1. Looking at (1) on the phi < 0 side of the Ramachandran plot; (2) in contact (Cβ under 8 Å) with a residue 12 or more places away in the chain, can you tell me which one residue 49 breaks?
2. Working only within the stretch 1-14, note down all residues that are of a type outside the set (S, T, N, Q) and exposed (fewer than 13 other Cβ atoms within 10 Å of the Cβ).
3. Of the residues that sit in the stretch 107-129 and are among the hydrophobic types (A, V, I, L, M, F, W, C) and surrounded by fewer than 14 Cβ atoms within 10 Å (Cβ to Cβ), which one is modelled with the lowest pLDDT?
4. Which of (1) in a helix (DSSP H, G or I); (2) of a type in the set (A, V, I, L, M, F, W, C); (3) in contact with a Cys (Cβ under 9 Å, 6 or more places away or on another chain) is the odd one out, the single condition residue 109 does not satisfy?
5. Take the residues in the stretch 34-65 that are of a type in the set (Asp, Glu) and in a helix (DSSP H, G or I), then tell me which one is farthest from residue 122 (Cα to Cα).
6. Any chance you could count how many residues in the stretch 53-106 are exposed (fewer than 12 other Cβ atoms within 10 Å of the Cβ) and among the basic types (Lys, Arg)?
7. With respect to residue 17, determine if the residue is more than 17 Å from residue 101 (Cβ to Cβ) and either of a type in the set (Lys, Arg) or touching a Pro at 6+ places or on another chain (Cβ under 6 Å) (or both).
8. Any residue in the stretch 15-33 that is part of a helix (DSSP H, G or I), open to solvent by less than 50 Å² (accessible area, probe 1.4 Å) and either basic (Lys, Arg) or farther than 28 Å from residue 129 by Cα (or both)?
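The values are calculated or read from the model by the stated rules, or taken from the named source; none is laboratory data. Predicted, not measured: the structure shown is a model, and the values here were computed from it. Glycine gets a Cβ as well: all are built from the backbone with ideal geometry, and neighbour counts include every protein chain shown. Note: accessible area is taken over every heavy atom of the protein model, side chains too, but ligands, DNA and RNA are not part of it. Shrake-Rupley method; radii C 1.70, N 1.55, O 1.52, S 1.80 Å.
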Amino acid sequence: MSYPQLLTPEEKLADAKKLLSLPRIVVICGSTRFMTEMNEADLRETKAGKIVVKPGCDMKSPHELWSDPVEAEALKVRLDDLHRAKIRLADEVLVVGDYIGDSTRAEIAYARSLGKPMRFTHPEVDPEA
């Protein structure tokens, strides 16, 4: 007797996206110093018919939501977790900018560990290039 193979959560998500006829989802990664470039990439990817997710907060710019250093540190942890969830949701990753810092390097490693296709606006900064 054979048993049906159970689907992984990733396979279930892929099946659900197909059933819902969702367009490809691209997550934008990179240093928030490149927010202007991320917004431009968002426009281009959206024009190409993709759903775009990207960092929603630039904590390098002053704002009352992260003016308290203790709260800012806790927020940074939550935002990092949220961005990893965006990477899990996405079909592909677009890394924006000509600089890769520690956070972006960790995002790239995480995305690659999940087998996500990667694109770079500046391929020369790809840690595996």
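1. (1)
2. Within the stretch 1-14, 1, 3, 4, 6, 7, 9, 10, 11, 12 qualify.
3. Among those residues, the one meeting the criterion is 129.
4. Condition (3) is where residue 109 drops out.
5. 64
6. Here the count works out to 2.
7. yes
8. Checking the stretch 15-33: at least one residue is part of a helix (DSSP H, G or I), open to solvent by less than 50 Å² (accessible area, probe 1.4 Å) and either basic (Lys, Arg) or farther than 28 Å from residue 129 by Cα (or both).
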